[in-house]
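Here is the structure we will look at.
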Amino acid sequence: MAIPQFWTVNDEVAVIYAFDAGPGLRDITANFDLIDNGIHLWVDGIWKFGARDPEGRSWTNIALGSVDAGTHYVQILLEDSGGATRYINPEITATVVPIPAAMWLFSSGLLGLIGISKRKKIK
């Protein structure tokens with residue numbers, strides 16, 4: 001379903017973004033070029049931000065926190081209090097959590113053991 005740029009005047013609309021966080025995400029930030037009139041944001045059902053401006057405005061650098069590996073959700077509630085409605089250029093960014101060096105070391109050791117066992121079977 002397409003995300004609405006406009007919705008019914010004096011009404012609300014909810015948008016839910018599902019995303020796979022890979023190994024995890026940190027410093028999740030949301031930016032919106034224009035919201036008319038109010039916005040509320042949740043991450044996995046936990047309220048993170050809410051604001052309102054009767055004239056509509058951009059909302060930037062909204063800190064949404066961090067999430068562990070797996071599937072997560074950003075829920076956005078947009079509201080209008082009369083006049084025009086707009087939801088322009090939503091952008092959510094984050095930094096991928098690096099896989100710890102110990103995991104790389106363990107993985108390379110495991111691959112080495114598999115290689116040695118295969119070499120013994122071939123002889």
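The values are calculated or read from the model by the stated rules, or taken from the named source; none is laboratory data. Since we're looking at a predicted model, the values are computed, not measured. All Cβ positions, even for glycine, are placed from backbone atoms using ideal geometry, and neighbour counts span all protein chains on display.
General observations
- Residue match in the stretch 57-78 (condition: in contact with a strand residue (DSSP E or B) (Cβ under 7 Å, 6 or more places away or on another chain), polar (S, T, N, Q) and not in a strand (DSSP E or B)): no
- Subset tally (residues that are within 17 Å of Phe6 (Cα to Cα) and among the aliphatic types (A, V, I, L, M)) for the stretch 50-83: 3
- Complete set of residues in the stretch 54-96 that are exposed (fewer than 11 other Cβ atoms within 10 Å of the Cβ), closer than 18 Å to Ala14 by Cα and without any contact (Cβ under 8 Å) to a residue 60 or more places away in the chain: Asn89
- Comparison of Phe32, Phe19 shows that the only residue that is surrounded by 13 or more Cβ atoms within 10 Å (Cβ to Cβ) and either charged (D, E, K, R) or out of contact with any Asp or Glu (no Cβ under 8 Å at 6 or more places or on another chain) (or both) is Phe19.
- Among (1) out of contact with any Pro (no Cβ under 9 Å at 6 or more places or on another chain); (2) modelled with pLDDT under 90; (3) surrounded by fewer than 15 Cβ atoms within 10 Å (Cβ to Cβ); (4) assigned to a strand (DSSP E or B), the one test that Ala51 misses: (2)
- So Asn31, is it part of a strand (DSSP E or B), modelled with pLDDT under 85 and either under 23 Å from Pro4 (Cβ atoms) or of a type in the set (Lys, Arg) (or both): no
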